[in-house]
Structure formats: structure tokens, C-alpha cells
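Asks: Have a look at this one.
Please treat every number below as a calculation from the coordinates, not as lab data. Just so it is clear, the structure is predicted and the values come from calculations on it, not from any experiment. Quick reminder, even Gly has a Cβ in these numbers, built from the backbone with ideal geometry, and neighbours come from all protein chains shown.
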Amino acid sequence: MPTTLRRCPVCAADQESGQARTLTVATDRLLVTWHLLHCPHYRADRVLMDRDG
Ligand SMILES: [Zn+2]
């Protein structure tokens, strides 16, 4: 499955500055988003993943 890197619109972390990442499964690809640890968007994603898992 192809992997696409997305830049977080909240903390704007990228592959080099990011400290954590989240994976999202789309229909035909994996979306990888990097975040800083204090990013509220990252924390929200973690909550969603915890509920799923
Ligand atoms: Zn972020």
C-alpha cells in the first residue's frame, strides 16, 4: 500500500522536526502525519486510536 506523508496543519511538523506520528488508513493508501508531542491535533488522534484499539 502506498504511503503518503501529510503535514499537520496545526503544528506544521514534518519528517525531520516531528516527534510523533499518526497513521490513517485511507481507501488506497496509508497517510502518515508527523506532529510535535504537544500538538493538540496529535493528542486528538491518539484519543481516537485508543478508542479503536
Ligand atoms: Zn500536529
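Asks: Cβ-Cβ distance below 7 Å, separation of 6 or more or different chains: which pairs start in the stretch 10-23 with a residue that is free of Cβ contacts under 8 Å to residues at least 24 places away in the same chain and end on one that is of a type in the set (S, T, N, Q)?
Replies: What qualifies is Arg21/Thr33.
Asks: Trp34 is checked against (1) under 9 Å from the mean Cα position of the chain (by Cα); (2) assigned to a loop (DSSP other than H, G, I, E, B) and fails just one. What number does that condition carry?
Replies: Condition (2) is where Trp34 drops out.
Asks: Out of the stretch 15-53, which residues are touching a Leu at 6+ places or on another chain (Cβ under 8 Å) and more than 9 Å from the ligand (Cβ to nearest atom)?
Replies: Gln15, Ser17, Gln19, Leu23, Thr24, Val25, Leu30, Leu31, Val32
Asks: Further question: I need the full set of residues from the stretch 21-39 which are surrounded by fewer than 16 Cβ atoms within 10 Å (Cβ to Cβ) and of a type outside the set (Lys, Arg), in order please.
Replies: Those that are surrounded by fewer than 16 Cβ atoms within 10 Å (Cβ to Cβ) and of a type outside the set (Lys, Arg): Leu23, Thr24, Val25, Ala26, Thr27, Asp28, Leu30, Leu31, Val32, Leu37, His38.
Asks: Follow-up. Going by the conditions given, is Ala13 more than 9 Å from the chain's Cα centre (by Cα), outside any strand (DSSP E or B) and surrounded by fewer than 14 Cβ atoms within 10 Å (Cβ to Cβ)? Even if it seems obvious, please write down each step before you answer.
Replies: Numbers: more than 9 Å from the chain's Cα centre (by Cα): yes; outside any strand (DSSP E or B): yes; surrounded by fewer than 14 Cβ atoms within 10 Å (Cβ to Cβ): no.
No, not satisfied.
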